[in-house]
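Structure first, then comments.
The values are calculated or read from the model by the stated rules, or taken from the named source; none is laboratory data. The shown structure was predicted, so the numbers you read here are calculated from the model rather than taken from an experiment. Here the Cβ positions follow ideal geometry from the backbone for every residue, glycine too, while neighbour counts run over all protein chains shown.
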Amino acid sequence: MKKYLYFILLALLTILPVKAQSLMNNTLNLSDVSLWQQGNTLSVTMKLDMQKLTISPQRSLTLTPLLTDGQHNVALQDIIINGRRRQKAYMRGLAIERKAPDAIVIPYEKREVLTYTQVIPYEPWMANAAFNLVENLCGCGNANEMIAQELITNDVSTEAKRLAAMMPIVAFIQPEVEVVKMRSDQYEAHLDFPVNKFVILPEFMNNKKELTSIHDMFDKIQNDRNLTITQISIEGFASPEGPLKFNEQLSQKRADALKNYLATNEKVPANLYKVTFGGENWDGLVKALEASSMKEKETFLSIIKNTTDDVRRKKEIMSVGGGVPYRMMLKEIYPGLRKVNCKIDYSVVNFDVTQGRSIILTDPKYLSLNEMYQVANSYPAGSNDFINVFDVAVRMYPDDEVANLNAAAVLLSRKDVRNAEKFMNKANRQTAEYINNMGVYNFLNGNVQQAIANFNQAAQMGNKVAIRNLSQLQQIMNMKPN
């Protein structure tokens with residue numbers, strides 16, 4: 001009957017400011033208030049310090065914790081603090097009725113610090129409920145009855161709220177140190193030669209432009225004090241027309257011609273050159289045909305694939321369509337097959353973080369992944385500069401497993417799961433960092449149980465980040481706050 005009366009009186013009670021912790025004119029203090037939902041239950045805990053509370057001998061203070069959202073109300077177990085005379089009368093009444101008290105009863109002389117704990121069934125409306133404390137100082141002995149209600153908190157900690165507030169930590173892998181940084185630049189020189197000639201004539205047809213491009217490549221490397229040329233590889237090719245032996249000799253002589261030209265004009269020691277010849281450029285012809293719109297291209301590709309004899313293959317190609325398609329290829333495709341590849345291999349000095357910050361903006365390929373990692377971590381984690389470095393790293397090393405793992409980690413930290421997935425697919429799936437980040441991926445996709453499994457697996461592998469993520473999730477799902 002008493003709790004029913006409280007619900008009738010709700011509209012008449014005074015609501016004090018949110019999170020008021022000192023009650024009864026600062027003589028009753030509340031602390032460690034927690035409303036913690038776990039599964040199908042809601043745990044309500046708080047500490048009441050009653051040491052300063054003064055109650056007349058004939059009076060009784062009843063405190064009723066109340067959970068309400070305006071439409072629903074749940075009153076929890078009462079706390080009764082009796083004055084000395086009131087306590088004796090209260091105990092006599094219980095003895096006469098032969099029943100145990102349905103409230104927590106505290107005699108006046110034992111009013112110290114009470115740890116109050118109640119566990120009730122959880123209902124969805126409680127997520128946004130307010131936790132109030134109804135105070136009823138009874139008017140026994142002709143004293144006036146005083147009733148008030150104070151708002152203690154409106155912060156109900158539900159699993160959903162705790163999960164929404166959590167952002168798991170992503171894991172990065174520090175790349176291995178690249179002791180000697182080897183790099184290379186390659187240029188295809190489509191040099192033109194007079195018929196049956198292999199001497200390079202700079203003014204002949206398009207040669208001047210081609211040679212200028214090669215010179216620019218050498219000039220850039222030789223004038224950079226951070227770079228040292230270690231080898232120059234030259235490979236010559238001939239178009240697949242005419243006798244095979246002649247074309248092989250021609251491809252070799254053209255490669256030698258470029259070597260001699262570079263040795264004279266670029267002043268690179270002769271012992272750094274490696275010259276090979278590719279003979280007839282059938283691979284180049286296949287690629288050119290695949291990219292062309294010629295209606296006969298499938299016929300040509302079939303002949304090249306299925307005919308191993310060189311002489312017969314050339315005759316069959318020449319006979320397709322009465323020779324018209326072949327003559328068109330001689331004009332439009334074959335000149336591009338007469339080429340010389342020039343590749344410059346060089347080493348790069350190591351850079352410290354300060355140098356790396358500058359180099360990554362101008363020549364990022366000169367940095368190793370480890371150097372990029374050091375540069376990234378010289379910026380605040382999560383900053384634009386931090387993120388940009390990992391983006392550059394994966395663009396410079398698109399097939400590197402570590403670069404892809406770290407690029408995915410950056411995107412996951414920004415909750416960009418869609419773009420993170422493509423990088424995760426190119427990372428090493430056996431590492432603890434990958435497994436932890438899959439936990440982050442699953443968490444962000446709402447698959448909490450799978451995330452827990454991922455974090456647990458990575459934690460067992462010793463990953464400290466996964467251990468922290470697992471601890472956080474276990475606290476949210478299974479434990480009350482410390």
First in region 113-142 and among the acidic types (Asp, Glu) and at pLDDT 90 or above, second anywhere and assigned to a loop (DSSP other than H, G, I, E, B) and loosely packed, with under 15 Cβ neighbours inside 10 Å, Cβ under 9 Å, 6 or more apart: Glu123/His72
Residues being of a type in the set (D, E, K, R) and part of a helix (DSSP H, G or I) - total across region 275-303: 5
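Considering every residue within region 81-99, establish whether at least one is within 15 Å of Phe131 (Cβ to Cβ) and either out of contact with any Phe, Trp or Tyr (no Cβ under 7 Å at 6 or more places or on another chain) or of a type outside the set (S, T, N, Q) (or both). Before you say what the answer is, go through the steps one by one.
Taking region 81-99 as the starting set, the residues that turn out to be within 15 Å of Phe131 (Cβ to Cβ) are none.
No, region 81-99 contains no residue that is within 15 Å of Phe131 (Cβ to Cβ) and either out of contact with any Phe, Trp or Tyr (no Cβ under 7 Å at 6 or more places or on another chain) or of a type outside the set (S, T, N, Q) (or both).
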Among the candidates Tyr334, Tyr366, Tyr397, residue that is closer than 30 Å to Lys274 by Cα and assigned by TED's automatic domain parsing to the domain that holds Trp282: Tyr334
Residue among Glu332, Glu280, Glu290 that alone is touching a residue at least 12 places away in the same chain (Cβ under 8 Å), within 26 Å of Gly236 (Cα to Cα) and acidic (Asp, Glu): Glu280
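Kindly indicate whether Glu176 is of a type in the set (D, E, K, R), out of contact with any helix residue (DSSP H, G or I) (no Cβ under 6 Å at 6 or more places or on another chain), surrounded by fewer than 12 Cβ atoms within 10 Å (Cβ to Cβ) and not assigned by TED's automatic domain parsing to the domain that holds Tyr366. Let's see the steps before the verdict.
Values: of a type in the set (D, E, K, R): yes; out of contact with any helix residue (DSSP H, G or I) (no Cβ under 6 Å at 6 or more places or on another chain): yes; surrounded by fewer than 12 Cβ atoms within 10 Å (Cβ to Cβ): yes; not assigned by TED's automatic domain parsing to the domain that holds Tyr366: yes.
Considered against the rule, which asks whether it is of a type in the set (D, E, K, R), out of contact with any helix residue (DSSP H, G or I) (no Cβ under 6 Å at 6 or more places or on another chain), surrounded by fewer than 12 Cβ atoms within 10 Å (Cβ to Cβ) and not assigned by TED's automatic domain parsing to the domain that holds Tyr366, Glu176 comes out as yes.
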Tally of residues being surrounded by fewer than 20 Cβ atoms within 10 Å (Cβ to Cβ), among the hydrophobic types (A, V, I, L, M, F, W, C) and not in a helix (DSSP H, G or I) across region 228-274: 2
Sole residue being closer than 30 Å to Ile435 by Cβ and modelled with pLDDT under 95, chosen from Ala408, Ala381: Ala381
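With among the hydrophobic types (A, V, I, L, M, F, W, C) and free of Cβ contacts under 8 Å to residues at least 40 places away in the same chain as the only criterion, which of Ala171, Ala148, Ala160 stands out? Write out each step before concluding.
Working: Ala171 fails: free of Cβ contacts under 8 Å to residues at least 40 places away in the same chain; Ala148 fails: free of Cβ contacts under 8 Å to residues at least 40 places away in the same chain.
Ala160 is the lone residue from the list that is among the hydrophobic types (A, V, I, L, M, F, W, C) and free of Cβ contacts under 8 Å to residues at least 40 places away in the same chain.
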Glu210 assigned by TED's automatic domain parsing to the domain that holds Glu188, in contact with a Leu (Cβ under 6 Å, 6 or more places away or on another chain) and within 30 Å of Ile317 (Cβ to Cβ): yes
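Tell me the helices (runs of 4 or more DSSP H) entirely within region 405-473 that contain at least 1 residues that are among the charged types (D, E, K, R) and in contact (Cβ under 8 Å) with a residue 24 or more places away in the chain.
On the way: elements: 417-424, 432-444, 448-460.
So the answer is 432-444.
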Evaluation of Ile152 against (1) surrounded by fewer than 15 Cβ atoms within 10 Å (Cβ to Cβ); (2) of a type in the set (A, V, I, L, M); (3) under 49 Å from the mean Cα position of the chain (by Cα) (one fails), failing number: (1)
2 or more residues surrounded by fewer than 19 Cβ atoms within 10 Å (Cβ to Cβ) and hydrophobic (A, V, I, L, M, F, W, C): qualifying helices (runs of 4 or more DSSP H) within region 314-377: 324-332, 353-362
Sole exception among (1) surrounded by 16 or more Cβ atoms within 10 Å (Cβ to Cβ); (2) more than 43 Å from the chain's Cα centre (by Cα); (3) under 23 Å from Lys52 (Cα atoms); (4) not aromatic (Phe, Trp, Tyr) for Asn132, by number: (2)
Criterion (farther than 23 Å from Pro124 by Cβ, at pLDDT 85 or above and not polar (S, T, N, Q)) met by exactly one of Leu48, Leu12, Leu66: Leu48
Single unsatisfied condition, Thr64 versus (1) within 20 Å of Gln149 (Cβ to Cβ); (2) within 43 Å of the chain's Cα centre (by Cα); (3) hydroxyl-bearing (Ser, Thr, Tyr): (2)
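Check Arg84, Arg92 and return the single one that is modelled with pLDDT under 90, in contact with a helix residue (DSSP H, G or I) (Cβ under 7 Å, 6 or more places away or on another chain) and not β-branched (Val, Ile, Thr).
Arg84
Looking only at region 170-191, decide whether some residue is under 30 Å from Tyr116 (Cα atoms) and part of a loop (DSSP other than H, G, I, E, B). It would help to see each step written out before you state the result.
So in region 170-191, the residues under 30 Å from Tyr116 (Cα atoms) come out as none.
No, region 170-191 has no match at all.
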